[in-house]
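Readers should treat all values here as calculations from the given coordinates under stated rules, not as data from a laboratory. Here the structure is a predicted model, which means the values were calculated and not measured. Backbone-built Cβ (ideal geometry, glycine too); neighbour counts: all protein chains shown.
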Amino acid sequence: MNSSAAILGCAGTTLTREEEAFFRSVKPWGFILFKRNIADPEQVRALTTALRETVGRPDAPILIDQEGGRVARLQPPHWKTYPPGRAYGELVANDPLVAREITRLGARLIAHDLRAIGVNVDCVPVLDVPDPLGHEIIGDRAYGDTPEQVASLGRAAAEGLLAGGVLPIIKHIPGHGRALSDSHLELPVVKAKLSELDARDFAPFRVLSDMPMAMTAHVVYTALDRRRPATTSRKIIKKVIRESLGFDGLLMSDDLSMKALTGDFRQRARDSLSAGCDVVLHCNGDMAEMDAVMSGVGKLSKEGRRRAQAVMGRLVKVVEPFDVDQARARFDAAFDGRFA
């Protein structure tokens, strides 16, 4: 695998000649889609095919954020609506097995939607445990208010995606729930004690440490590193993510263009990779920014290649047998048609 340690976006619904040439040259490991890249199923299928042709890998990872609720890149009329994570946690509160079943079913339905358009990675599940004082950026994206509920339903969502031939990404490791600000806009600083973080924030990530991929949090945890957010902290990645949580999958940064990070894009990329991220993520499709990012990115490291190969090995060759109409009817009935 001769890929660069990066996942990149594109600007529109089709590739420009400049984008095609750039991607052929830098050969990113994968790509990510946003609303600006989405028109209808036929167009998205053509785009995912074109993206993969630029890197010469028919199974190249193509990511999307299709959580449900307010984070959903695929929307009506061409795609169904799905609830936010919190809605699953509130479903039949006295029967956690039902909530788990429907969470898995929702993810399996999303996987069916994604696979049909050539998308093979979903940036789900959100494993952040919300804090009552925390910023609303997580809010109803979380499956519940306790580490146990988040871990249980997060596992169900991941299983549904995997069964449908789509890879999950656990995020935002090691936990964004206590952040008092939105890392898209500024750098959050969490001052909780390590014992508190370990018992609550980190716990779901430990439970799902077997997942193929994880996305870092652009959050400073003063108990661990007073200066650097997890994304660029060698100490947090090595001591917490790799050792304490036991995560040995592919670790990717959150979006480098978020305002929580400082420095030019070359430096942001270099800092993330030198801290221990396997790949960096740049989302907005801005060519000048991508060029700067790639000036700080080399090929996947030896460990990165090993993990990337393991990731692709988690894609099932034949998806779980699935009656879509029956599944959709069961799903809609569970929510009384609120998301039909």
* Asked: If the label point is 7 Å along Cα→Cβ of Ala310, which residues in the stretch 194-208 have backbone nitrogen under 17 Å from it?
  -> 205-208
* Structure fact -> Zone reached by a paramagnetic label modelled 7 Å from Asp323 Cα along Cα→Cβ, restricted to the stretch 64-107 with backbone N below 20 Å, covers 101-107
* Structure fact -> Classified through the alpha carbon gyration tensor (a ≥ b ≥ c as square roots of its eigenvalues; rounded if a/c is under 1.5, else prolate when a/b is larger than b/c, else oblate), the stretch 242-323 comes out prolate
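I need the shape label for the stretch 285-340. Rule: rounded when a/c is under 1.5, else prolate if a/b > b/c, else oblate, with a, b, c from the alpha carbon gyration tensor. Mind showing how you got there, number by number?
Details: a/c = 4.74, a/b = 1.92, b/c = 2.47.
Oblate, because a/c is 1.5 or more while a/b does not exceed b/c.
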* Asked: Suppose R0 equals 30 Å; then what is the FRET efficiency for Arg227 and Arg206 from their Cβ-Cβ distance, rounded to the nearest 0.05?
  -> 0.75
* For a label point 7 angstrom out from the Cα of Thr16 toward its Cβ, which stretches of the stretch 270-296 have the backbone nitrogen within less than 13 Å? -> 285-291
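Suppose the chain between Arg24 and Lys299 were pulled fully straight at 0.36 nm per residue; how much longer would it get relative to their current alpha carbon spacing? Could you put the intermediate results ahead of the total?
Numbers: separation 275, 0.36 × 275 = 99.00 nm, distance 1.39 nm.
Extending this stretch completely gives an extra 97.6 nm.
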* Debye intensity ratio I(q)/I(0), log10, the stretch 191-259, q values 0.20, 0.26 Å⁻¹ (C-alpha model) -> -0.82, -1.32
* Where the centroid of each part is defined by its Cα atoms, how far is the stretch 269-325 from the stretch 240-264 in Å? -> 12
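Given the DSSP H assignment, sum -39500 (n - 2.57) over each helix run of at least 4 residues in the chain and divide by its residue total; what's the result at 222 nm in deg cm²/dmol, nearest 500?
Rounded to the nearest 500, the figure is -10500 deg cm²/dmol.
How big is the Rg/Rh ratio for the stretch 1-127, C-alpha atoms only, Rh by Kirkwood, two decimals?
Working: Rg = 16.3 Å, Rh = 15.7 Å.
For the stretch 1-127, the value is 1.04.
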* Structure fact -> Phi angles of the stretch 194-210, converted by Karplus (6.51 cos²θ - 1.76 cosθ + 1.60, θ = phi - 60°) into ³J(HN,Hα) in whole Hz with x for Gly and Pro, give 4, 4, 5, 4, 5, 6, 10, 5, 7, 4, x, 5, 5, 5, 9, 5, 7
* For the stretch 18-31, Karplus couplings with θ = phi - 60° (6.51, -1.76, 1.60), whole Hz, Gly/Pro x -> 5, 5, 4, 5, 5, 5, 4, 6, 8, 6, x, 5, x, 9
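Starting from the eigenvalues of the Cα gyration tensor, five times each then square-rooted, give me the equivalent ellipsoid semi-axes of the stretch 36-93, largest first, whole Å. Each step should come with its number before you reach the end.
Values: eigenvalues 170, 38, 12 Å².
Each semi-axis is the square root of five times an eigenvalue, giving 29, 14, 8 Å.
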* Estimated FRET transfer efficiency when R0 is 35 angstrom, pair Thr262-Leu97 (beta carbons, to 0.05) -> 0.15
* Asked: Using the Karplus equation 6.51 cos²θ - 1.76 cosθ + 1.60 (θ = phi - 60°), what ³J(HN,Hα) coupling, rounded to whole Hz, does each residue of the stretch 34-51 give in order, writing x for Gly and Pro?
  -> 10, 4, 5, 9, 10, 10, 8, x, 4, 5, 5, 4, 5, 5, 5, 5, 5, 4
* **Principal axis dimensions, the stretch 110-223 - Cα atoms, whole angstrom, descending** => 43, 28, 21
* Just tell me which lysines come within less than 23 Å, Cα to Cα, of Lys80; anything on the same chain fewer than 8 places away is out. => Lys35
* Structure fact -> One checks the Cα atoms of the stretch 140-190 and finds Rg and Dmax, in Å, of 13.1, 37
* To do: Report Rg (one decimal) and Dmax (nearest whole number) for the chain, counting Cα atoms only, units Å.
  => 18.8, 55
